[in-house]
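Below is one structure, written out as structure tokens; the observations come after it.
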Amino acid sequence: MIYSMTGYGKSVLQLPTKKVTIELKSLNSKNLDLNARMPSIYREKELAIRKVLADKLTRGKVDFSIYVEATAEDTSTQINTPVVKQYIEQLRNVVDGDDVELLKMAVRFPDALNTVREEINHDEWQNIETGIHTAVNDLNNYRLNEGIVLEKDFNDRITSIEKILEQVIAMDPERVEGVRERLLKGVEELREKYDENRFEQELVYYIEKFDITEEKVRLKNHLNYFTETINSEDSNGKKLGFISQEMGREINTIGSKSNYAPMQQLVVQMKDELEKIKEQLLNVL
């Protein structure tokens, strides 16, 4: 089972005096890159929020946001009545005007309004915590669904590489015989006498240098290991990336040793499938 690093989660809470919306967006990243935005009243909880997100999301470029919309009378700003009255009395001694006009001027002066620092309500924060977990679960479900699509694509491409590898294995005897014939023809064209026994010894040595038996076996093992890792309980994009690198080494070695155009064409096809796998692995958790 694999998870994508791309995801979206959302939770909306309707509290007595406000509407709270919690959003999570994630994209691919080598590590956890978390950006958190929230009203100042919740800043003291930021470290706790980051810990929850780090435990649940593991990796990815994550944008976390809390939006608050007031739905009832709930203001932290109050009129400083004694100060405003004093301003109005002083203004009457300076200018003529009705009380409304004087009040408009008075509330603009320093200390006319008091801003009371809000404190987090315990019950409210418990609801928000629940909403955060809901948004995280929503995002992880999104990641899982995206991972199912990626998993199918990986399996299809691994199957394609396996089929091409079977063609390589079937072609190998033909390749060896072709190399033997080319070398023999090249020697005969020299029109020189040669020791046939010595030639056979050199031919065996030459062909052994281009033997791809080990590479075929190792590539097959890597393909099986890749499939086993996909089907494991944990999503491990880094591990799959390491396996794909090993697959690439074996495919490249087969290509460099093949010395046979039809086999090299098959190698190009395997490389193409592997590159598409590597591109998709960048988005696996």
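Over the chain, Cα pairs under 8 Å with separation of 6+ residues give a relative contact order of 26 percent. Once both labels are positioned 7 Å from their Cα atoms along Cα-to-Cβ, the gap between LYS56 and GLN78 label points is 3.6 nm. Here's the picture: charge each Lys and Arg Cβ at +1 and each Asp and Glu Cβ at -1 in the chain, and of TYR67, PHE154, ILE212 the one pushed furthest to the positive end of that dipole is TYR67. Skipping prolines and chain starts, which residues have an amide H placed within reach, meaning under 5 Å, of the one on LYS19, given they are 5 or more residues away or on another chain? Sorted by chain and number, the residues that satisfy this are GLU69, ALA70, THR71. Working ranking of peptides 32-43, 272-283 by packing, defined as the average number of other Cβ atoms within 10 Å per residue, highest first, is 272-283, 32-43. Couplings for region 266-273, taken from phi via the Karplus curve 6.51 cos²θ - 1.76 cosθ + 1.60 with θ = phi - 60°, read 5, 4, 4, 5, 5, 4, 4, 5 Hz in order; Gly and Pro are left as x.
The coefficient of translational diffusion for the chain, derived via Stokes-Einstein from the alpha carbon Kirkwood radius under 20 °C and 1.002 mPa s, stands at 84 µm²/s.
Couplings 3J(HN,Hα) for region 78-91, derived from phi with the Karplus relation 6.51 cos²θ - 1.76 cosθ + 1.60 (θ = phi - 60°), are 10, 6, 8, 4, x, 5, 5, 4, 5, 4, 5, 4, 5, 5 Hz, where x marks Gly and Pro.
Sorted into 5 angstrom bins from 0, the C-alpha pair distances of region 148-281 split as 2, 9, 19, 19, 14, 11, 8, 6, 5, 4, 2, 1, 0, 0 percent. Rounded to the nearest Hz, the phi-derived 3J(HN,Hα) couplings of region 274-281 under the Karplus curve 6.51 cos²θ - 1.76 cosθ + 1.60 (θ = phi - 60°) are 5, 4, 5, 5, 4, 4, 6, 5, where x marks glycine and proline.
Prolate is the label for region 1-153, because a/c, from the alpha-carbon gyration tensor with a ≥ b ≥ c as root eigenvalues, is 1.5 or above and a/b exceeds b/c. Remark: for residue pairs LYS163/LYS271; LYS18/LYS104; LYS30/LYS278; LYS238/LYS278, the C-alpha separation exceeds 18 Å in LYS18/LYS104.
All of the numbers you see were taken from the coordinates with simple rules; none came from a lab. Everything numeric here is computed off the predicted structure, so don't read it as measured data. Note that each Cβ is placed from the backbone with ideal geometry, even for glycine, and that neighbours are counted across all protein chains shown.
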